[in-house]
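Since the structure comes first, as structure tokens, the remarks are kept for the end.
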Amino acid sequence: MDEGRYLAADRYFALHHAAGLEELVRFLAIPSISALPEHAPDVVRAARFLADRLRQVGCPAVELLDPGGYPVVYGAWPGAAGAPTALVYGHYDVQPVDPPEAWYHDPFAPVVADGKLYARGASDDKGQLWMHLEAAQALAAAAGRLPVNLKFLFEGEEETGASHLAGFAAAHRELLAADVLVISDTSFFAPGVPSVSCGLRGLAAWELVVHGSARDLHSGEFGGAVANPLHSLAELLASLHDGEGRVAVAGFYDGVAPPDPGVRAELAGLPFEEDAFRRLTGAEPWGEVGYTTLERLWLRPTLEVNGLGGGFQGTGIKTVLPTSARAKLTARLVPGQDPARVLAVVEDHLRRRCPPGVRLELRPGGGSPAVHTPADSPWVRAARRALERAFERPAVLIRSGGSIPVVAALRETLGTAPVLLGFGLPDDAIHAPDERLDLEQYARGQRAIVAYWLELGAVRGSGVEKAR
């Protein structure tokens, strides 16, 4: 890595930190909640604000493109002939703030307190994508040019499923062509433990409704004479697992390989504490027998009930047999599992076990495969070196139990290896009240990105550096 250029960028950060943070605060103040139609103008306003900021930091080619939904903010910063091209992905939309009364700080009036920046989107993902803009500006201003070719792809539908981005990527393969896909939308393993995530679990989802009588019935007059959809639903859901926490659906584990002993040893060496996990979750560790908590979170697939409904939910007692009962399910998938097959085998299991007297309506919600980048990839190795330079301690390799479906879609469509270079912390309260971004992470994260571009600048590229 070019230490002189790194130090020059570091001096630039020291002089311009306050100005960059002020602009981030303005960005966070825009309530770009993609899930709520009344905030559609705000989502578009956030896209325009981001495009303007890209131009301000020096990106020579910036466009707002129409994927069929909210705008894609695209930027290209070529000029490093022979060097790799990195495609930086992020999203400028944010989650709703419900319940608003649970926020100590106004979600769209950003405030700095106790070394943290509080606002909706501070960590997920406005603050993290903002680091990339600041890093590019620092390198260009302090060193005259970038050591790599950058492309920026920022979208406004991630929090609602990014329904248009996969099609957009398929239609713009040449525009988005890159050697490495860099995503800063994840977290460190723990404070003080710089981390590169080389895997995400995949996802499959269902909604099921068990229909019984034509209308709600009095449980005294009809109870015991007609099937109760709530009972039937409980029976169905209980059939999904055995007594040792294993999914009891035939074919669910097809393609799942036993965990690699070397990977299990790596996980065992991480500074994980069961007591800290209890404090974080307020629950006792539990799961599939024969695996540690981290292995259950990162290496094993799951099938979970996410919601239940049906019957009387108010105060007191209402003696009713409900006309229907419903549940929402999701599965987290690991490498080797085909989402389409998982959707099919779970549906087959539920239909074959549907109790008599009721009718099952099943609505598959789609799926995405797991994502994995080999730990010995040059892109991952460079990321570890960059983190060690900026955070002044060795970086560890981790995985994520969550899913970012757009990552799998971009990898499949573009054939580009993803590197999950996130700077959040586990207690950033993303999707929850009082979301925040640790400002030490913010400052060091920008420096880590600079170091990463400098590390990649020494790697031979594939010649995809041209702009649109």
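The values are calculated or read from the model by the stated rules, or taken from the named source; none is laboratory data. Note that this is a predicted model, so its numbers are computed, not measured. Using ideal geometry, Cβ is built from the backbone for each residue, glycine included, and neighbour counts are taken over all protein chains shown.
A quick yes/no check of all residues on (1) at positive phi; (2) of a type in the set (A, V, I, L, M, F, W, C); (3) touching a Phe, Trp or Tyr at 6+ places or on another chain (Cβ under 6 Å):
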site: G311; (1), (2), (3): yes, no, no
site: K328; (1), (2), (3): no, no, no
site: L387; (1), (2), (3): no, yes, no
site: T413; (1), (2), (3): no, no, no
Exactly one of A19, A35, A29, A83 is small (G, A, S) and closer than 30 Å to W379 by Cα, and that one is A83
Of the residues in the range 214-252, those that are under 33 Å from the mean Cα position of the chain (by Cα), loosely packed, with under 13 Cβ neighbours inside 10 Å and assigned to a helix (DSSP H, G or I) come to A238
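Quick one: which of A248, A234 is under 29 Å from V346 (Cβ atoms), in contact with an Asp or Glu (Cβ under 6 Å, 6 or more places away or on another chain) and not assigned by TED's automatic domain parsing to the domain that holds L420? Show your work before the answer.
On the way: A234 fails: in contact with an Asp or Glu (Cβ under 6 Å, 6 or more places away or on another chain).
One residue alone meets the criteria, A248.
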With the first residue restricted to the range 160-173 and required to be within 17 Å of S403 (Cα to Cα) and in contact (Cβ under 8 Å) with a residue 40 or more places away in the chain, and the second required to be hydrophobic (A, V, I, L, M, F, W, C) and assigned to a loop (DSSP other than H, G, I, E, B), Cβ contacts under 8 Å at 6 or more apart or on different chains are T160/A35
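Please work out which residue is nearest to L425 (Cα to Cα), limiting yourself to the range 165-211 and to residues that are small (G, A, S) and touching a Gly at 6+ places or on another chain (Cβ under 6 Å). Write out each step before concluding.
To start, the set of residues in the range 165-211 that are small (G, A, S) comprises 166-167, 169-171, 177-178, 184, 187, 190, 192, 195, 197, 199, 202, 204-205.
Remaining after also requiring touching a Gly at 6+ places or on another chain (Cβ under 6 Å): 184, 187, 204-205.
Details: S184: 12, S187: 5, A204: 26, A205: 27 Å.
Among those residues, the one meeting the criterion is S187.
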Check on H105, in a loop (DSSP other than H, G, I, E, B) and surrounded by 17 or more Cβ atoms within 10 Å (Cβ to Cβ)
yes
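Quick one: is A344 closer than 30 Å to S400 by Cα, surrounded by fewer than 16 Cβ atoms within 10 Å (Cβ to Cβ) and at pLDDT 95 or above?
On the way: closer than 30 Å to S400 by Cα: yes; surrounded by fewer than 16 Cβ atoms within 10 Å (Cβ to Cβ): yes; at pLDDT 95 or above: yes.
Criteria met by A344.
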Within the range 253-306, of all residues that are surrounded by 12 or more Cβ atoms within 10 Å (Cβ to Cβ) and of a type in the set (S, T, Y), the one nearest to L237 (Cα to Cα) is T302
Kindly indicate whether any position in the range 123-143 is within 22 Å of the chain's Cα centre (by Cα) and farther than 25 Å from R11 by Cα. yes
Picking from R384, R436, R399, the residue that is in contact with a strand residue (DSSP E or B) (Cβ under 9 Å, 6 or more places away or on another chain) and within 30 Å of V249 (Cβ to Cβ) would be R399
- request: Can you confirm whether the range 191-203 contains a residue that is assigned to a loop (DSSP other than H, G, I, E, B), within 28 Å of A408 (Cβ to Cβ) and in contact with a Pro (Cβ under 9 Å, 6 or more places away or on another chain)?
  value: yes
Going by the conditions given, is V193 farther than 20 Å from S324 by Cβ, in contact (Cβ under 8 Å) with a residue 60 or more places away in the chain, out of contact with any Phe, Trp or Tyr (no Cβ under 8 Å at 6 or more places or on another chain) and not assigned by TED's automatic domain parsing to the domain that holds P426? no
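Okay, residues lined up against (1) at pLDDT 95 or above; (2) more than 27 Å from E207 (Cα to Cα); (3) among the β-branched types (V, I, T); (4) assigned to a strand (DSSP E or B):
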residue	(1), (2), (3), (4)
R351	yes, no, no, no
G357	yes, no, no, no
D376	no, yes, no, no
R399	no, yes, no, yes
L437	yes, yes, no, yes
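Okay, residues lined up against (1) hydrophobic (A, V, I, L, M, F, W, C); (2) touching a residue at least 12 places away in the same chain (Cβ under 8 Å); (3) closer than 25 Å to V406 by Cα:
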{"position": "V57", "(1), (2), (3)": "yes, yes, no"}
{"position": "P67", "(1), (2), (3)": "no, yes, yes"}
{"position": "V73", "(1), (2), (3)": "yes, yes, yes"}
{"position": "D93", "(1), (2), (3)": "no, yes, yes"}
{"position": "P99", "(1), (2), (3)": "no, yes, no"}
{"position": "H105", "(1), (2), (3)": "no, yes, no"}
{"position": "A109", "(1), (2), (3)": "yes, yes, no"}
{"position": "V112", "(1), (2), (3)": "yes, yes, no"}
{"position": "Q128", "(1), (2), (3)": "no, yes, yes"}
The condition of being within 24 Å of the chain's Cα centre (by Cα) and surrounded by fewer than 19 Cβ atoms within 10 Å (Cβ to Cβ) holds, among A51, A46, A40, only for A40
Considering the range 371-389, residues that are among the small types (G, A, S) and surrounded by fewer than 23 Cβ atoms within 10 Å (Cβ to Cβ), and then whichever is farthest from P426 (Cα to Cα), we arrive at S377
